[in-house]
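To keep things clear, I will list the structure first and then write my remarks on it.
Derivation of every value follows stated rules applied to the coordinates shown; laboratory data play no part. Only a predicted model underlies this, so the values are computations on that prediction, with no experimental measurement involved. Using ideal geometry, Cβ is built from the backbone for each residue, glycine included, and neighbour counts are taken over all protein chains shown.
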Amino acid sequence: MENFWFSSNVTERVIGAAYYLPSNPLESHMEDGWNYMNNHFSRFQIACWGSLLVHEVAFVLLNLPLFVAQFVPFLQRYKVQTDKPESYVDQWKALKLIMFSHVFIDTPFTCGTYVFTEFFNIPFSWESMPCWYSIVGYIFLCLVVEDTWHYFLHRIMHDKRFYKHCHKIHHTFQAPFSIAAEYAHPLETFILGMGTMWGILFFANHLVLIWAWAVARMLESYDVHSGYEFPFNPLHLIPFYAGTRFHDFHHKNFHGNYSSTFTWWDKLFGTDVQYKQFIEKQQVDKEK
C-alpha cells in the first residue's frame, strides 16, 4: 500500500499549494514601487535625480538620530569625549561647508551615475535585481576596497608637506560629530571620495547595489564620526570593524588610526600603537 504522505497526488497538491502561497507583502510592495519607478521615469531621471534623492534623504535620516542623541541625558554616558560637548556653532559651521560640497562636488559625482550605468550597461529592472545576501557581500567588498584607498591616501594627507593645505580643515573638530564626517576641503572630498567609486567599478551589477553602497558608506562614516560608542550598535558585528572609539582617537591625537572602516591596515603597519597605549592607560586608570 502506497504511503499517503508520499503518494504522487498528495505531493503534487502540496507543492502546488506552496507555489501559489501569497508572496511576502513587503517584497510585493517593493516590487510594485520599483516597477512604477521604471515605468514612469527614464533611465536618466532615475540615475541622476533618483541617486541625488537617495543621497540627500540618507544624509538627513542617518544624521538625525545622532543629532537628537545630544539632547538625551541617558545617552551621554556613551559619548567618547565627555569633556567636549557638542557645540551648535560648530555644527552650523560644518553644515554650511557640507551644503557647499553637496551642491558643487557631490551633485556632479552623483549625476555621473547615469554615464556610468550607460557605459557599463548596468540594469535597472526588478527581474535582474540581485538577492539581498549578494548585495550585502558586494557592499562588504566595496568597504574593503574603500578602506584600503582611504588608509594610504589619508596617511599621505597627514604628511606635514600636505596636511596644512588640505586635511587640516577636517581636523577642525577634535571631538567630532556625525556630519563632521563630510567637513573637509573640497580637494579632500574629491580625493578620498574616489575610494567610494573603485568598488562599484569592480562589482556593480545593478542600480540597487550602487544605491545600497552609497547609503552603507554614509552610515559607516557618520557612525565613526558620531562621537558616541553605543553598545547596541549592529555595525560591530562586522569583522574587524574599527568603530567610533577607534576613529575618535584619530581626531583627538591627529596621528595613527588612519583607516576608515577596518583595523587591519593600522595593525599591519603599526599605526595603531599610540591608540593601544591610550586604551591600556585608560584600563589601568579604571582599575585604580
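Observations on the structure shown:
- Positions within segment 116-125 being within 15 Å of W211 (Cα to Cα), hydrophobic (A, V, I, L, M, F, W, C) and either within 17 Å of the chain's Cα centre (by Cα) or part of a helix (DSSP H, G or I) (or both), in sequence order: F116
- Count - residues of segment 144-182 that are part of a loop (DSSP other than H, G, I, E, B), of a type outside the set (G, A, S) and under 23 Å from Y228 (Cα atoms): 4
- Test for S128: is it closer than 22 Å to M30 by Cβ and not in a loop (DSSP other than H, G, I, E, B): no
- Whenever a residue of segment 249-268 is closer than 23 Å to L237 by Cβ, its partners that are in a loop (DSSP other than H, G, I, E, B) and among the aromatic types (F, W, Y), lying with C-beta atoms within less than 6 angstrom and at least six residues away or across chains, give the pairs F262/F240; T263/F240; W264/F240.
- All helices (runs of 4 or more DSSP H) inside segment 183-288 with 2 or more residues being hydrophobic (A, V, I, L, M, F, W, C) and over 18 Å from F173 (Cβ atoms): 186-193, 195-203, 207-224, 264-269, 273-287
- Test: residue in segment 98-115 that is among the hydroxyl-bearing types (S, T, Y), surrounded by fewer than 17 Cβ atoms within 10 Å (Cβ to Cβ), under 21 Å from the mean Cα position of the chain (by Cα) and farther than 30 Å from E27 by Cβ: yes
- Cβ pairs under 6 Å, 6+ apart, first in segment 92-106 and over 17 Å from I191 (Cα atoms), second in a helix (DSSP H, G or I): A94/I179; A94/A180
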